[in-house]
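These notes are about the structure you will find just below.
No lab work stands behind these numbers, since they all come straight from the coordinates. Just so we're clear, the structure is a prediction, and the values are computed from it rather than from any experiment. Using ideal geometry, Cβ is built from the backbone for each residue, glycine included, and neighbour counts are taken over all protein chains shown.
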Amino acid sequence: MATLYLSEPGTALQKDGERLVVTRDERVVEAIPLLKVDQVVVMGRGVRVTTPALFALASRGIDVVYLAGKSGRFVARMRGQETGFGRLRFEQALLVADTARSLALARELVRGKLHNQRVLVLRHGGSEAWAQAAAEGIARMMERIDGAGDADVLRGLEGQAAALYFGAYRRLLRQDLGFARRAYYPPPDPVNALLSFGYTLLLQRILGAVGIVGLDPYLGVFHVLDYGRPSLALDLEEEFRPIVVDSLVLDLVNHRVLTAGDFRPVKDKGVLLGDAGRARFLTAFERRLAATLVYPPSGETTTYLRCLELQTRQAARCILGQQARYQPLLVR
């Protein structure tokens, strides 16, 4: 199963029998069987999805995600009619309202993120003094997780670890692209632009997994609940950020797959990735999700993409009381 990206102006997605047909300026570019697609991502204006295609996608539970222009900012998501997940969502709401239970889950999600951040720093920084210092600092934050009495304290520990992590991340970059610290919107430099774009893409795949499992993406335990914020999906994304997006950006920058020439400044929007660079990033992102690893809870070899759903299903078991403790995906 794959994600179909549509970003070129003049592109149209149509249905032809059991196939999706991509045309550009009335010329057929690609034809894909519906059964091989699990998500469609529409980026920017000038791309059209016909009504028959939308009906076919919705009836098969295939997500259609709309992202804004070249920034990749999330705009909207369309999916078919929800099915009967009433009990699961009821139990999810009860867990979110239960401070002790929600905090226990939040602790494990943050533990997974910090562990994976520490591994990335040590894997790429080796015995360098600054890498060791950052790893030790992150480890100290991890030791304090179980003592965090509420979500605000936990967020503070995560924030302190992030400062140490991105300080080391800056030194891991072998290409000077102006990255000084993590900055969100607008991204002031190419590395921040890539990180934000990657996190947006990853979030859409996690939203897909949350939809499959039947959880409510807006009822989270770590990110603050707010109107329109998919807090649970953001929670579940945390442990995957270092191992999917951060490591990918590091690889693309250090191997000069993407350079300063692939970006351009845009007034009030920071730095944006150009069309050619975006195509290379999307290809690399899908390749990373398709990479395999041994999934610790079962010992099976599977893909990172499949792990998104497996971890979401594990969260659902914890919510239903079928599993005592959530086990984050910890890399070595």
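Work out the charge dipole of the chain with +1 on the Cβ of Lys and Arg and -1 on the Cβ of Asp and Glu about the Cα centre, then indicate which of G167, V29, L236 is farthest towards its positive end.
Of the listed residues, the answer is V29.
When a/c is below 1.5 the answer is rounded, else prolate if a/b is larger than b/c, else oblate, so apply that to the chain with a ≥ b ≥ c taken from the square roots of the Cα gyration tensor eigenvalues.
Details: a/c = 1.88, a/b = 1.17, b/c = 1.61.
Oblate.
Could you tell me which of rounded, prolate or oblate describes segment 2-78, using a ≥ b ≥ c as the square roots of the eigenvalues of the alpha-carbon gyration tensor, with rounded for a/c under 1.5 and, failing that, prolate when a/b is larger than b/c and oblate otherwise?
In terms of gyration-tensor shape, oblate.
Considering only S127, Q311, V213, whose Cα is most displaced toward the positive end of the charge dipole of segment 86-319, charges sitting on Cβ of Lys, Arg (+1) and Asp, Glu (-1)?
S127
Take the alpha carbon gyration tensor of segment 257-332, find the square roots of its eigenvalues, order them as a ≥ b ≥ c, and report rounded if a/c is under 1.5; if not, report prolate when a/b exceeds b/c, else oblate. Spell out each step's value before the answer.
Numbers: a/c = 3.93, a/b = 2.22, b/c = 1.77.
Because a/c hits 1.5 or more and a/b exceeds b/c, segment 257-332 counts as prolate.
Pick from L57, L225, L308: which is most flexible by mean-square fluctuation in a GNM of the chain where alpha carbon atoms under 10 Å apart are linked?
L225
Over segment 113-171, what relative contact order in percent results from Cα pairs under 8 Å that are six or more residues apart? It would help to have the intermediate numbers written out before the result.
Details: 46 pairs, mean separation 24.0, N = 59.
Computed value for segment 113-171: 41 percent relative contact order.
In segment 170-201, which trypsin sites (Lys or Arg not before Pro) are in a loop and have at most 12 other Cβ atoms within 10 Å, using DSSP for the loop call? If you can, show how the numbers build up before the last one.
Values: sites: R170, R171, R174, R181, R182; in loops: R174, R181, R182.
Here the sparse-neighbourhood loop sites are R174.
If you build a Gaussian network model of the chain, linking Cα atoms that sit under 10 Å apart, which residue out of L114, L173, L203 swings the most?
For the chain, modelled as a Gaussian network with Cα springs under 10 Å, the answer is L173.
Which whole DSSP H helices in the chain pass both tests: a Cα extent of 30 Å or more along the axis and a mean Kyte-Doolittle value no lower than 1.0?
Details: long enough: 99-125 (38 Å, -0.18); 151-172 (31 Å, 0.15); 190-213 (35 Å, 1.40).
Passing helices, by number: 190-213.
How high is the relative contact order of the chain, in percent, with contacts defined as C-alpha pairs under 8 Å that are six or more residues apart? Kindly include the intermediate steps, with their values, before the conclusion.
Working: 519 pairs, mean separation 51.4, N = 332.
Rounded, it is 15 percent for the chain.
In debye to the nearest 20, how big a dipole does segment 86-319 give about its Cα centre with +1 on each Lys and Arg Cβ and -1 on each Asp and Glu Cβ?
So the magnitude is around 440 debye.
By count of other Cβ within 10 Å, fewest leading, how are K36, K269 ordered?
Details: K36 11, K269 15.
Least crowded to most crowded, the residues run K36, K269.
Tell me the relative contact order for segment 45-161 as a rounded percent, counting alpha carbon contacts under 8 Å between residues six or more apart.
Dividing the mean separation by the residue count of segment 45-161 yields 16 percent.
Just want the ordering: F90, F85, F166, F179, from fewest to most Cβ atoms lying within 10 Å of their own Cβ. Spell out each step's value before the answer.
Numbers: F90 12, F85 15, F166 20, F179 23.
Lowest count first: F90, F85, F166, F179.
Take the alpha-carbon centre of segment 7-42, take the same for segment 79-147, and report the distance between them in whole Å.
If we compute the Cα centre of each part, the gap is 37 Å.
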